[in-house]
Amino acid sequence: MENNHVIDNRKVVLEVDNLKKHFTSGTGKNKLIVPAVDGVSFNVYEREVFGVVGESGCGKTTTGRTVMKLYSATEGTVKLNGDIISAGYKGIERQIEEVKKEAKKRLIEVDKHAEGVHTINEELKYNLIDAEYQLKQLKAEHKEKLKELRKPLDDYRNESYRIKNSYELEVAKIEHRYNLAVEKVKSTTINAVEEEYKQEVSRNKLGFSRKTDGLKSSAALEKDVIEQRLKDLKAHYDEIFRELEEKYKPLIAEAEGKISSKSTANHEIKALTAEKKNQIAAEKKLYKDSLAKLKKPNATAIKKTISDEKSKQKEEINKSKNSIAELKKKAKEAVSKVPSNNDLGVDLAELEIQKKEISNWQKEEINKLRNKITEYKEVNKSQAALETSRKMQMIFQDPISSLNPRHTVEEIIGEGLVIKGGYTKDQIKDKVAEMLEKVGLQSSYATRYPHEFSGGQRQRIGIARALIMDPDFVIADEPISALDVSIRAQVINLLHNLKDELGLTIMFIAHDLSVVRFFCDRIAVMYYGRIVEMADSEELFNNPMHPYTKSLLSAVPQPDPDYEKNRIKIDYNPATAHDYRHDMPVLREIVPGHSIFVNNAEFEQIKKEYFETTEGLGDVQ
């Protein structure tokens, strides 16, 4: 078999540029925007398997669905074989706002008075970032301090509740055991077999009565037929009652000799009641003793300490707020002292001409961007984009819900060909049979329904449905996550063989890192809608550089007891791992082919760590 799995880095099959997908919820002040995918860019080359990994909720599936056009892109473009098939224009709307800001900036540059005011306001804005951050940190520290001061009271209350709940639970258990014992004693004073006999007779009498009423009210039978059936029914039930009497009469007589007297039963119940009271009293004593052992904190002293701390914190908060107010006050005073254009000797007539030129530039740029929005809208609904999109197919995560339960396998797999058109029923039937054989299923399965197959077989049907369209690009969205471990191996081996046989280009979405390492050529690691690291498979596993990638890899178990015993899990908290207040991160290459999402300060540090790590392994090209 010819091996077609040779990556052609000269031909880009899929090109994703600044792709964003934001979901919105609510309106007005309650409007919430969730950036599920927030600016991802990557290329997938011909015959390459490009892996996308990350924990649940990182945006990898949403990325695949947006590329597939199952979701409309908020921003960015998706190209397949060089043709735009999907484009989001919300970003262009933001570019319009950027043009307006740029126009405002240019107006400030030509207006000396406005420039002076802007400089002061920008300096204030920069200073406020630090001041408001410090205020936020101060409030968090205060909250922790008060929590620590309240801890003795909270601990005492929680322990008191625990002791009380334990006591009430034990009392409830005693009551329950007592009730069961009393019921058991009472049951010895009656003939249980006789009660069972009466219930059987009552049940059969009810059945006889209902059937008799049904026959009497029948309008479909003749009167003499009804009378005969009533006689037969009565004879049948008389026989049942006779058999019940014969069965239970000796049993009732035998049970009669075992019945206890009521006086004996009352004596036993009194003994049980006394025992219950003693047990409850013992539990109550234990409860009181446990409470007495608890060291009760000095609530008055603690509350006073908390009150003093709150007063102190209030002063610190007010001091911080006053410093912010002072910054604003000084800025306001500085603005009031900025000389006017007239005082600065600005040619006001020339200034008006420059303002008009800037206004005209703004209108031209905005019109260009609006035309681009119109172009993108036309692309999204164009027939050409639809035809190109058909060369891209998807294998879905859930092999159960992704198959129509009312369609046969032949209808499911052949549906794409029916929609595309140009095929006869016999041609579709032959292609479906061929594809079933290719994915390891018998062609005779075409007449069956999805519920007649196992999970692994259903996923093979999903793979066949994607491949029958002869796609240039396949998105495999966690195709093995819903399957058993043994079935996962079968499906992965199938995909591995098909990618070599058919020369497939695949975007493989998963969270099983061991599978991704085995199956993929390059890997992108996603976190909160962004790609935080991207590199060749072995390079990523051998030299992970982003803190999240390190955390993700540290969570992968190994079939080695000694390794597992000493494995250290690396925690990742972006709030403490990064400081992006002034220096924002971007995806940049640390070495060719290995990119990380970091800011300038992090980039220099990580680059140094990278070369220290790889020292002695040869020159890094």
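The values are calculated or read from the model by the stated rules, or taken from the named source; none is laboratory data. Because the structure is a prediction, the values reported are computed rather than measured. Glycine also receives a Cβ, built like all others from the backbone with ideal geometry; neighbour counts cover every protein chain displayed. We work out accessible area using only protein heavy atoms, side chains counted, and drop any ligands, DNA or RNA first. Shrake-Rupley method; radii C 1.70, N 1.55, O 1.52, S 1.80 Å.
Just the residues that are more than 23 Å from I475 (Cα to Cα) and either in the same structural domain as K60 (by TED's automatic domain parsing) or of a type in the set (S, T, N, Q) (or both), please, taken from the stretch 358-401.
Filtering the stretch 358-401 for residues more than 23 Å from I475 (Cα to Cα) gives 358-378.
Once the filter is applied, which keeps residues that are more than 23 Å from I475 (Cα to Cα) and either in the same structural domain as K60 (by TED's automatic domain parsing) or of a type in the set (S, T, N, Q) (or both), the stretch 358-401 yields S359, N360, Q362, N367, N371, T374.
Look through A331, A292, A301 and report the one residue that is among the aliphatic types (A, V, I, L, M) and either closer than 30 Å to I129 by Cα or in the same structural domain as K101 (by TED's automatic domain parsing) (or both).
A331
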Return the total of residues in the stretch 529-578 being without any contact (Cβ under 8 Å) to a residue 60 or more places away in the chain and part of a helix (DSSP H, G or I).
22
Filtered residues of the stretch 502-517 (kept if part of a helix (DSSP H, G or I), at pLDDT 85 or above and not aliphatic (A, V, I, L, M))
R517
Has the stretch 333-355 got any residue that is among the basic types (K, R), surrounded by 14 or more Cβ atoms within 10 Å (Cβ to Cβ) and out of contact with any strand residue (DSSP E or B) (no Cβ under 6 Å at 6 or more places or on another chain)?
yes
Can you tell me how many residues within the stretch 313-332 are among the small types (G, A, S) and surrounded by fewer than 13 Cβ atoms within 10 Å (Cβ to Cβ)?
1
Among the candidates L107, L149, residue that is more than 30 Å from the chain's Cα centre (by Cα), modelled with pLDDT under 90 and over 27 Å from D398 (Cα atoms)
L107
Would you please list the contacts, defined by Cβ atoms under 8 Å and residues six or more apart or on different chains, that run from a residue in the stretch 219-236 that is assigned to a loop (DSSP other than H, G, I, E, B) to a residue that is open to solvent by 100 Å² or more (accessible area, probe 1.4 Å)?
L221/R229
Checking N371 against (1) without any contact (Cβ under 8 Å) to a residue 24 or more places away in the chain; (2) among the polar types (S, T, N, Q); (3) over 24 Å from T74 (Cβ atoms), the condition it does not meet:
(3)
So, in the stretch 263-288, of the ones that are touching a residue at least 12 places away in the same chain (Cβ under 8 Å) and hydrophobic (A, V, I, L, M, F, W, C), which residue ends up farthest from L180 (Cα to Cα)?
L286
Pair list, Cβ < 6 Å and 6+ apart or interchain, from the stretch 26-54 residues that are on the phi > 0 side of the Ramachandran plot to residues that are surrounded by 15 or more Cβ atoms within 10 Å (Cβ to Cβ) and of a type in the set (D, E, K, R):
G39/K20; G54/K60
Under 7 Å by Cβ, and 6 or more places apart or on different chains, what pairs join a residue from the stretch 117-137 that is part of a helix (DSSP H, G or I) with one that is of a type in the set (S, T, Y)?
A131/S323; Q134/S320; L135/S320
Can you tell me which of (1) open to solvent by 60 Å² or more (accessible area, probe 1.4 Å); (2) in contact with a Leu (Cβ under 7 Å, 6 or more places away or on another chain); (3) not in a helix (DSSP H, G or I) is the one P297 doesn't meet?
(1)
